[in-house]
Amino acid sequence: MFPMSVTVHSQDKKKGDSLRVALKTATDTQRVVVLHKLAYTYRMYSPDTAFYYVNQAIELGNKLEFENGLFDAYMTKGLVFYYMSKHDSAIKYFEFARVIADKHDDPQKQSAIYSNIGNAYGDIGQNTKALDYYQKGARYTELSNQPLKKAYLQVNIGTIYSVLDQHDSAIVFYENALAIMKGLDPNEEKLYIVYGNIGASYLELGDTLKAEKAFRESYRIALMYDNQRALASSYDHLGVIEFSKGHIDTAMSYYWRSLSISELIGAGQSISETCSHIGYLYHHEKQYDSAAYYLNKGLAVAIAIQDYYTLDNYYEELAGVYEDQGKLDSALFYQKKLQQVRDTLFNMNKSNIV
């Protein structure tokens, strides 16, 4: 559930070249395997190329009744659609793969496919379905002895509870993941995500001391690996903590660092979140023009990445900024936009009401 920017790496090009060479002499089931690997190599940054290869893999896999190859091909085709944000199509192909995994009762394949289906449902706000698939996926990681994958699924389950504002429950799953990951490697790079999520949940619960402790651990791991995306997130989190303490200048310093890194690496989600915090700070300081500038800047990014939960915050904050300025027409405009996005969120989540 953690979006990431993608660039074409030279190693991917070399891998693609070597696979194309292998394809020339591959036959029967081995050809399906090579076609799938080619599609998988291009899945994130060249969907047309990925589709070209994966469709051949599926056609040949069906002809040969090669179900292991078909599982991989359906999985990869689902991933291509997933990275294109075409979640309905992604789920369709993930479900084709799930049928094969369940038919053969293969827990390793089941853990992978249930996790992917959960990601797709989570991204479109189908939280109950996402939670169900994540929980099933976690059980399969136990059967297949995949502790690290189990930890990642615990994080995803916690994230769903966070989205549902059940932060106490979220922390339980984050802490479960933390214990597993630290047991495997105390300095595992992805610990920055877990610590960041724990901090965010404690912040929502009003416990700034525990939030800050978690955020600083996230920052430590990010700095250790020079992970720019993680550093941008950490600086933003630390800015929120400093703002909560009333340290305006220090908070802004952290926000600028976060925004600078996020813009450099093209991290849309981080740009959106940090612009939101900068806009809120300027609003708090009654610097309305600056607040409107950064809120509108972040809003454009949130619209581009279809982040409806962030849009809710942006429209509400912009309505408040313009109302405080006495620009009532603009305030009314954003209040209407706020209602529209809340209606969208309700429609996205109404199937979660049980």
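The values are calculated or read from the model by the stated rules, or taken from the named source; none is laboratory data. Treat the numbers as computed from the prediction; the structure is a model and nothing was measured. Please note: Cβ atoms are built from the backbone with ideal geometry, for glycine as well, and neighbour counts cover all protein chains shown. Surface areas here come from the heavy atoms of the whole protein model, side chains and all, with no ligands, DNA or RNA. Shrake-Rupley method; radii C 1.70, N 1.55, O 1.52, S 1.80 Å.
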Q. If R0 is 30 Å, what FRET efficiency do you get for Asp185 and Ile248 from their C-beta distance, rounded to 0.05?
A. 0.20
Q. If you place +1 on the Cβ of every Lys and Arg, -1 on the Cβ of every Asp and Glu, and leave all else neutral, what size is the dipole of the stretch 143-208 about its Cα centre, to the nearest 20 Debye?
A. 300
Q | Förster radius 45 Å - calculated FRET efficiency between Lys210 and Asn68 (Cβ-Cβ, nearest 0.05) | A | 0.45
Q: Pop a pseudo-label 7 angstrom from the Cα along the beta-carbon direction at both Ser85 and Val21 and give the gap in nm to one decimal.
A: 3.9
Q | Separation in nanometres of the label points that stand 7 Å from Cα toward Cβ, at Asp329 and Lys286 | A | 2.6
**Q.** Whole-percent carbon and sulfur share, accessible surface of the stretch 44-89, 1.4 Å
**A.** 44
(Q) Can you tell me what percent of all Cα-Cα pairs in the chain are more than 33 Å apart? (A) 35
Q) Which listed residue (Pro186, Ser253, Gln154) has the Cα farthest towards the positive end of the charge dipole for the stretch 150-277, taking +1 on Lys and Arg C-beta and -1 on Asp and Glu C-beta about the Cα centre? A) Pro186
Q) Between His104 and Glu316, how many nm apart are label points set 7 Å from Cα along the C-beta direction? A) 4.8
Q: Express the Stokes-Einstein translational diffusion coefficient of the stretch 36-152 in µm² s⁻¹, to the nearest whole number, given a Kirkwood radius over alpha-carbon pairs, 37 °C and a viscosity of 0.692 mPa s.
A: 232
Q.
Pairs of alpha-carbon atoms within less than 8 angstrom and 6+ residues apart define the contacts here; what relative contact order does the chain have, in percent?
A. 9
Q: With a Förster radius of 35 Å, plug the Cβ-Cβ distance of Gln306 and Asp28 into 1/(1 + (r/R0)^6) and report the FRET value to the nearest 0.05.
A: 0.25
Q: Using per-residue counts of other Cβ atoms within 10 Å, averaged over each peptide, order 154-162, 103-111 from highest down.
A: 154-162, 103-111
(Q) Taking the Cα centroid of the stretch 23-78 and of the stretch 264-325, what is the distance between the two, rounded to the nearest whole Å? (A) 42
Q | Within-14-Å neighbourhood charge of Tyr219 [Cβ basis; K, R +1; D, E -1] | A | -1
(Q) Can you compute the helix-only [θ] at 222 nm over the chain? Use -39500 (n - 2.57) per DSSP H run of at least 4 residues, normalise by all residues, nearest 500 deg cm²/dmol. (A) -28000 deg cm²/dmol
Q) Using a simple charge model, +1 on the beta-carbon of Lys and Arg, -1 on the beta-carbon of Asp and Glu, nothing else, what dipole does the chain show about its Cα centre, in debye to the nearest 20? A) 1080
**Q.** Fully extended contour minus Cα-Cα distance, from Asp123 to Tyr52, at 0.36 nm per residue
**A.** 23.0 nm
(Q) In Å², and per residue, what accessible area does the chain have when probed at 1.4 Å with the other protein chains present? (A) 50
Q: Could you tell me whether the stretch 254-310 comes out rounded, prolate or oblate from its Cα gyration tensor? Rule is a ≥ b ≥ c as square roots of the eigenvalues, rounded for a/c under 1.5, then prolate if a/b exceeds b/c, otherwise oblate.
A: oblate
Q) Any idea what the dipole of the stretch 209-267 comes to, in debye rounded to 20, about its Cα centre with Lys/Arg Cβ at +1 and Asp/Glu Cβ at -1? A) 200
